[in-house]
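The values are calculated or read from the model by the stated rules, or taken from the named source; none is laboratory data. Not measured: the values here are computed from a predicted model. Positions of Cβ are generated from backbone atoms using ideal geometry, with glycine treated the same way; all protein chains shown enter the neighbour counts. Note: areas computed on protein heavy atoms with side chains; ligands, DNA, RNA excluded. Shrake-Rupley method; radii C 1.70, N 1.55, O 1.52, S 1.80 Å.
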Amino acid sequence: MAEPKPRTFKRVCFKLLETCIFASMGVIDNALRIIGPFFVLFAVTLISGVIWAWFKYILDTVADPGTPMRYVHITIACTLIFNVAWNYFRTVFVSPGQTPDEYDQNDIETGVVSKLDPGKFWDGFGRFCKKCRKPKPPRAHHCSICRKCVLKMDHHCPWVATCVGHRNYRTFYLFMFWLWTGCVYVMCTMGPAFLSNLHRKRGQRENGAVVFSFILAFSVSIAVGLLLSWHTYLIATAQTTIEWYNNHMFKQEARKRGTKWVNQWDIGVIANFALVLSTGDKPKNFIFWFLPSLDPPQGDGLSFPLRGHVLKEEEVPMAPLDLQPSNPMVVEGRTE
């Protein structure tokens, strides 16, 4: 029997809508790829402007020339500037890592592959990239903006014009940490000058750069502080932004069934932080976690340590049969 016309028309409308959505997303991806360098230039300009305003208008108000306190403030300011610049440009120019051509999935550890679907990893993501047409390592995802599979991809960030992944996640996190610290320092030292300008009449106000810099530092401290808190939580729980969406869904489904879901990448809070922030031969020497380093991050981005204890049967982290996750979408970039 022929299908009723209303259903056929409805199907055509949905197909047309789907085509328009994918076309729009393609335009957005291309736009972000083109304007990415301008975001970087804009960010550098704003940061440089605040630094200039601090040295020109604020330094003389917090310490007199030639005094020990002046050298203390200069040392603090230069330390903050160096760490912000180092981590930002390392994030921009160091590749997040991509799947090597010689990658062989036969080398992956036992327990990484889903027991429900051999074509997926335990976290529900596929083992093969349809765009790159080659196998993907665990935790790797295809970025539609960078047009490649990124190792341990977290998200595509327009402010650094690249993806944040295995090889530049440490510097991305440290950039946020030092930038937030710098904003707090700027607000503390600029506060008196900012309040003094506010109490003056509009025609008598001076140093508009101070007012602008303080407001900018205050706004950025809130935005970056929230983002820093979010990524601190992700590191502590051994998740990426992409993985959190699926993991949250799995937890809810397991709770409905009266079982417990376990993140197989979670090896403990300290070890999770060490895996991301440490470099060199002493991963748990936290003194060096926040310092600049030319050493690569721990691991190769192709395999990751699993939980050390044996999971109970009801704790095995599998995607339910009726809840296989669709390809997630991150705010700034599509992944699969």
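Look through the range 164-203, keep the residues that are basic (Lys, Arg) and either under 21 Å from Cys146 (Cα atoms) or assigned to a helix (DSSP H, G or I) (or both), and return whichever of them is least open to solvent (accessible area, probe 1.4 Å). The residue in question is Arg170.
Among the residues examined, Asp60 does not qualify as outside any helix (DSSP H, G or I) and at pLDDT below 95.
Residues in the range 248-268 that are more than 11 Å from Thr237 (Cα to Cα), under 22 Å from the mean Cα position of the chain (by Cα) and in contact (Cβ under 8 Å) with a residue 40 or more places away in the chain: Met249, Phe250. Looking across the range 251-270 at every residue that is β-branched (Val, Ile, Thr) and open to solvent by 60 Å² or more (accessible area, probe 1.4 Å), the one that is farthest from Val112 (Cα to Cα) is identified as Ile270. I'd like to verify a number: residues in the range 275-290 that are surrounded by fewer than 19 Cβ atoms within 10 Å (Cβ to Cβ), out of contact with any helix residue (DSSP H, G or I) (no Cβ under 8 Å at 6 or more places or on another chain) and at pLDDT 85 or above, how many? The qualifying residues number 1.
Give the residue, chosen from Asn207, Asn247, that is at pLDDT below 95, surrounded by 15 or more Cβ atoms within 10 Å (Cβ to Cβ) and closer than 21 Å to Val50 by Cα. The match here is Asn207.
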